[in-house]
1. Select from the range 16-26 the residues that are surrounded by 12 or more Cβ atoms within 10 Å (Cβ to Cβ) and either among the polar types (S, T, N, Q) or modelled with pLDDT of 85 or more (or both) and list them in ascending order.
2. Only one of these conditions is not met by Ala40: (1) in a loop (DSSP other than H, G, I, E, B); (2) modelled with pLDDT of 80 or more. Which number is it?
Amino acid sequence: MTDRDECRMPTCSEPARDRTGYSGRFCSDSCEVRYEHLQADARDAAVDEAEDRY
Ligand SMILES: [Zn+2]
């Protein structure tokens, strides 16, 4: 058991809500979307460095 579940978004410190529909632990949909965008950017950067295709 964890003491407190905070939003995964680094820039957000609000408590995450356990609501149906949230795959991760975020306080809101917007935070989940932003987090996914960050992940996507990180992947793109990694791929861009590994494979210089585009
Ligand atoms: Zn949040």
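1. Just the residues of the range 16-26 that are surrounded by 12 or more Cβ atoms within 10 Å (Cβ to Cβ), to begin with: 16-17, 22, 24-26.
If the condition is that a residue be surrounded by 12 or more Cβ atoms within 10 Å (Cβ to Cβ) and either among the polar types (S, T, N, Q) or modelled with pLDDT of 85 or more (or both), then Ala16, Phe26 are the ones that fit.
2. Every listed condition holds for Ala40 apart from (1).
The values are calculated or read from the model by the stated rules, or taken from the named source; none is laboratory data. Source: prediction; values computed, not measured. Cβ sites come from the backbone with ideal geometry, for glycine too, and all protein chains shown count toward neighbours.
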